[in-house]
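What follows is one structure encoded as structure tokens, with my remarks underneath.
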Amino acid sequence: MKVLVVDDSGVMRKIIIRALNACGGNETVEARDGKDGWNAFQADSFDFVLTDWNMPEMTGLEFLKAIRGSGSTVPVIMVTTEGEKGKVIEAIQAGVTDYLYKPFEREDLQSKLDKYVAV
């Protein structure tokens, strides 16, 4: 499975990628913000997208809206600390597939992958 990991924190990208690898040898592409993520998304095909919400250049919500605006139905999970009800509703209305709250356990990520991606 090819996964795009978008987060402005290099440490968090490494944590997510380590968790993805523990879930079963996924191919990953990293992007440091939504703008880089969008460029990567347009240049390649992904089975899954994991994105932070709060990033410079282009937020995770803006990135999500761009993905959905392109017609893509790829599963997109917000990996974030944003849990305020209004923010969650905004992301749902924009087409987010699910949430994964930081900090998370590998098992939580595995559960999300299993739920949305046919193995």
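The values are calculated or read from the model by the stated rules, or taken from the named source; none is laboratory data. The shown structure was predicted, so the numbers you read here are calculated from the model rather than taken from an experiment. Reconstructed Cβ throughout: ideal geometry from the backbone, glycine too, with neighbour counts over all protein chains shown.
Taking (1) under 18 Å from LYS2 (Cβ atoms); (2) over 14 Å from the mean Cα position of the chain (by Cα); (3) not hydrophobic (A, V, I, L, M, F, W, C); (4) not in a helix (DSSP H, G or I) in turn, PRO56 satisfies each apart from (1).
Checked against the criterion of being closer than 25 Å to ASP114 by Cα and among the charged types (D, E, K, R), the range 32-40 contains not a single residue that satisfies it. Restricting attention to the range 1-39, the residues being part of a strand (DSSP E or B) and either surrounded by 16 or more Cβ atoms within 10 Å (Cβ to Cβ) or among the aliphatic types (A, V, I, L, M) (or both) number 8.
On the stretch given as the range 80-98, residues that are part of a strand (DSSP E or B) and surrounded by fewer than 18 Cβ atoms within 10 Å (Cβ to Cβ) total 1. Restricting attention to the range 49-71, the residues that are of a type in the set (Gly, Ala, Ser) and touching a strand residue (DSSP E or B) at 6+ places or on another chain (Cβ under 9 Å) add up to 1. Pairing residues of the range 36-50 that are over 17 Å from ILE16 (Cα atoms) and at pLDDT 95 or above with residues that are part of a strand (DSSP E or B) and among the β-branched types (Val, Ile, Thr), at Cβ distances under 6 Å and at least 6 apart in sequence or on separate chains, gives ALA40/VAL29.
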